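A short worksheet on the structure shown next.
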Amino acid sequence: MGEVSIIGLDLAKNVFQAHGAGSDGSVVFRRKLPRAQLLKFMAAQPPCVVAMEACASAHHWGRAIGDLGHEVRLIPPAYVKPFVKRQKNGMADAEAIAEAASRPTMRFVAVKSEAQQAAAMAYRTRDLLVRQRTQTINALRGHLAEQGIVVPTGPAHVGHLAVIAINDDRKVPDLARLLLDQIAGLAAKIAGLDSELRKRVTNDDTAMRLTTIPGVGAVTAAAITTFAPPMETFSKGRDFAAWVGLTPRQHSSGGKDRLGRTSKMGQRDIRRLLIVGAVAVVRWAARKGAPEGSWLARMLARKPKMLVAVALANRMARTAWALLHKGEDYRDPVMAAA
């Protein structure tokens with residue numbers, strides 16, 4: 001048996017598959033390991049590269065295996081798929097992971113710390129509660145519409161719904177009050193998480209620097225500092241915008257550039273928040289007017305508002321990269337002339 005150079009590890013709930021490969025790509029071992037034996041097995045291996053897909057629990061195992069002296073590499077699952085040979089199973093996946101990790105041009109995901117994962121949990125919990133509140137509001141509006149009671153959409157009109165449900169002369173089902181109580185409870189929890197996120201941003205100089213960008217609030221700044229890898233990973237702002245998924249798809253060939261719609265292939269949380277912030281800036285500029293001769297004014301004069309918002313979100317992503325990569329303060333407004 002030769003010396004192992006890289007171990008591809010296919011993670012699962014209870015049984016893991018390990019594929020050991022030599023420096024020349026030859027198979028050194030194939031092992032099926034129960035969860036309880038994984039760290040014991042890895043501790044017995046000489047220091048080498050251990051590659052895994054960046055999926056659920058990968059960061060936990062990455063930290064634990066890294067503490068044993070191995071070099072951990074996490075690979076996006078989409079980059080592993082082309083290396084899977086024919087059938088999909090644990091053994092084939094582990095071999096594909098080892099093969100993908102050995103490629104010199106492969107891109108990897110940084111292993112997150114426990115603090116980063118805790119911050120991500122706070123953000124995702126807020127996101128879940130916001131979706132639940134929206135679902136409950138829509139359910140209440142739908143039930144009241146059956147009673148002939150119609151109000152505008154949005155959380156801002158929940159108070160109007162409550163007044164109608166309690167004081168309207170028409171017979172409103174008592175269960176409407178149950179939904180109103182649930183909406184109020186969710187709103188209180190969301191407000192608490194918002195306060196926690198704002199507190200974290202206030203105590204973080206990097207996040208506070210991001211909030212100076214027009215359209216970037218505390219939640220967006222917290223998402224960028226939580227989910228984005230170190231900005232040194234990207235050589236320029238466009239690379240970060242592409243990682244977020246705000247650059248156009250390419251169908252280029254033969255020296256001819258053909259650009260399509262936004263790729264949407266990237267970190268969806270940051271992308272969504274940047275677009276939401278950009279939409280707010282565009283709406284404000286459409287009402288109040290953008291500075292004459294500015295990039296935003298020129299775009300609004302000849303492009304649809306939503307297209308301008310996505311383009312502005314791209315610029316915001318590049319600006320965020322510049323602030324974090326260079327350690328500088330935000331100076332030029334987004335709406336200034338390009």
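Values computed for the structure shown
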quantity	calculated
Residues (assigned to a helix (DSSP H, G or I) and either under 17 Å from the mean Cα position of the chain (by Cα) or under 30 Å from F227 (Cα atoms) (or both)) located in the range 139-164	P155, A156
Candidates R131, R103 - the one that is in a helix (DSSP H, G or I) and of a type outside the set (A, V, I, L, M, F, W, C)	R131
Unmet requirement for V80, which otherwise passes all of (1) surrounded by fewer than 20 Cβ atoms within 10 Å (Cβ to Cβ); (2) closer than 23 Å to P229 by Cα; (3) without any contact (Cβ under 8 Å) to a residue 60 or more places away in the chain	(1)
Residue selected from the range 7-53 under the condition in contact (Cβ under 8 Å) with a residue 40 or more places away in the chain and acidic (D, E), by the criterion most open to solvent (accessible area, probe 1.4 Å)	E53
Members of the range 174-207 that are assigned to a loop (DSSP other than H, G, I, E, B) and either surrounded by 14 or more Cβ atoms within 10 Å (Cβ to Cβ) or of a type in the set (F, W, Y) (or both)	D204
Residue check for T247: open to solvent by 40 Å² or more (accessible area, probe 1.4 Å), within 22 Å of Y79 (Cα to Cα) and either hydrophobic (A, V, I, L, M, F, W, C) or modelled with pLDDT under 85 (or both)	no
Residues that are buried (at least 21 other Cβ atoms within 10 Å of the Cβ) and within 23 Å of R238 (Cβ to Cβ), drawn from the range 276-295	G277, A278, V281, V282
Failed item, numbered, when A56 is tested on (1) under 26 Å from the mean Cα position of the chain (by Cα); (2) surrounded by 17 or more Cβ atoms within 10 Å (Cβ to Cβ); (3) modelled with pLDDT under 90; (4) not charged (D, E, K, R)	(2)
Yes/no for M91 being in contact (Cβ under 8 Å) with a residue 40 or more places away in the chain, closer than 30 Å to A222 by Cα and in contact with a strand residue (DSSP E or B) (Cβ under 9 Å, 6 or more places away or on another chain)	no
Odd one out for R298 among (1) in contact with a helix residue (DSSP H, G or I) (Cβ under 7 Å, 6 or more places away or on another chain); (2) open to solvent by 60 Å² or more (accessible area, probe 1.4 Å); (3) part of a helix (DSSP H, G or I); (4) among the charged types (D, E, K, R)	(1)
Subset of the range 208-243 that is of a type in the set (F, W, Y) and in a helix (DSSP H, G or I) - its residue that is farthest from the chain's Cα centre (by Cα)	F240
Subset of the range 101-124 [small (G, A, S) and either open to solvent by 60 Å² or more (accessible area, probe 1.4 Å) or touching a residue at least 60 places away in the same chain (Cβ under 8 Å) (or both)]	A101, S102, A110, A115, A119, A120, A122
Number of the exception - R272 against (1) open to solvent by 50 Å² or more (accessible area, probe 1.4 Å); (2) at positive phi; (3) within 18 Å of the chain's Cα centre (by Cα); (4) not acidic (D, E)	(2)
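The values are calculated or read from the model by the stated rules, or taken from the named source; none is laboratory data. Predicted model only: the values in this text are computed from it and were never measured. For neighbour counting, all protein chains shown are included, and Cβ atoms are generated from backbone atoms with ideal geometry for every residue, glycine included. Heavy atoms of the whole protein, side chains included, go into the accessibility calculation; ligands, DNA and RNA do not. Shrake-Rupley method; radii C 1.70, N 1.55, O 1.52, S 1.80 Å.
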